[in-house]
Amino acid sequence: MKVIDLNILVIGNGFDLALGWPSKYTDFLNFIKVFQIAYNNKDYQDARVPEDCIRDLNDRIDRYPMEDEKKTLESLKPFWDGFSEAFTSSEANQVFRDFHFCIYKNRWIEYFQYRYDRQLIAGENWIDIEKEIKDAIKVLENDSIAIVNRESFFIDTYEVNNTIKELIEKIQSEKKENRKYNLPAEVYEKLRSSLIYEHDKFVMALGIYIDFFISTIYEECDIQRDIYRLLKLRENDKIDHVLSFNYINNYNAKYSGVKQEENNTCTVHGSVNYMYEIRNLTKNEKKYDYDSENIKRIIEKNKMIIGFDEYRDDDAKNKQLDFIYYRKYFQRILKGTGSQYLEWLGQNELNNIYIFGCSLDATDKEIIKDLFLRKPVHTKIKIYYHDEEAHNRMIMNLISILTQEKVIEMTSGINPDIEFVAQTKWQK
């Protein structure tokens, strides 16, 4: 009996970048920066339609008193104008208000903006933002905080409302003096829950940015030559499944003609659902009158995952659970993003895995180990990289996850299990 290979395509967030999409975290933060200025930093309850925002932004550039800020606006204005088609959409009014609800006084976004503006974030990929979250949470969940069991007369205290940057600085300042930063238990709980909710709003804002602003403009895009070649494989060698770290089902939507509902795709980091949800609301209620409760419900349904890997030892990781929400594995369980890829890997005697647009970072080490080390199935892995810097980084990431000896073993010989391939691009 002839053995048919199983072919799995693994897609990361770099897949969007290869298509020319402005989906780096730097693009997202720049868009937020201009959006906040255009919205005039109003409270999220204040209605601001796109036409007013566009007019006020143009006026503000003309009369901006601070030269540095005027230069910033002028440099970002072409980027903002690139979304003009989305601004004229019939759905733009509600999207503007929902987006503003998610970003308004959001401490995570304020923290990322602060770090980004001062060039303190080491890199321009989403894994670098995840590292920023990880570093901040490390400060909050270590033994530098003392939870004081006394009643607080004012829950809405400074400690609850201050910025993440200020909080980290206060905790670290106490640590330098060999003291713990004291927090009443009630304040600590309020702080912890509010940071989780603001994280959810930050993730939802990214979902809106991708699902409405980007997707409206970049509906038609270039095709990757390497992906095109995979589509043209012989019938028995075609792509059988897609394991996506991406938030939007680009491969199925643009290339394969196969709907995600046909269960050939596992979106381990979740997928965007904002436009689907608001159109459902419009369909069911005839009209989407703005109501903050609607966007709150959509946030609750959002399955997108942004977080980091577990870094603590066995004892601590199973007992210190106050900030477990930020672990990717926890979010995958909570949001039910699926692990059907494990079933795929055991179906045949030989798996061919094609990896495109993935950094292979340690934040996804559990999944990477499943792909590279799953037994007893024999696996051949082809990893596409877009430049030599990415090539070097991928090798280093694999070494940190699989060990030096394993990577040498799997990349050696005439017919190695792992092959790195320089990425090419072809416009259809």
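Things to note:
- Residue in region 386-401 that is within 22 Å of H269 (Cβ to Cβ), of a type outside the set (K, R), touching a Lys or Arg at 6+ places or on another chain (Cβ under 7 Å) and touching a residue at least 24 places away in the same chain (Cβ under 8 Å) present: yes
- Helices (runs of 4 or more DSSP H) lying entirely in region 54-125 (those with 1 or more residues that are within 23 Å of L195 (Cα to Cα)): 92-103, 107-117
- Of the helices (runs of 4 or more DSSP H) lying entirely inside region 313-428, those containing at least 1 residues that are of a type in the set (S, T, N, Q) and either touching an Asp or Glu at 6+ places or on another chain (Cβ under 6 Å) or under 16 Å from I127 (Cβ atoms) (or both) span 328-335, 388-402.
- I383 satisfies every condition listed in (1) surrounded by 13 or more Cβ atoms within 10 Å (Cβ to Cβ); (2) without any contact (Cβ under 8 Å) to a residue 24 or more places away in the chain except (2).
- Region 110-132, residues that are aliphatic (A, V, I, L, M) and touching a Phe, Trp or Tyr at 6+ places or on another chain (Cβ under 7 Å): I129
- Test for E166: is it acidic (D, E), under 30 Å from K24 (Cα atoms) and at pLDDT below 95: yes
- Restricted to region 319-373, and to residues there that are touching a strand residue (DSSP E or B) at 6+ places or on another chain (Cβ under 8 Å) and surrounded by fewer than 16 Cβ atoms within 10 Å (Cβ to Cβ), the residue that is nearest to S194 (Cα to Cα) is S339.
- Across region 32-51, not a single residue is classified as among the basic types (K, R), modelled with pLDDT of 85 or more and under 22 Å from I278 (Cα atoms).
The values are calculated or read from the model by the stated rules, or taken from the named source; none is laboratory data. For clarity, every value in this text was computed on a predicted model and none was experimentally measured. Ideal geometry is used to build each Cβ from the backbone, glycine not excepted, and the neighbour counts take in all protein chains shown.
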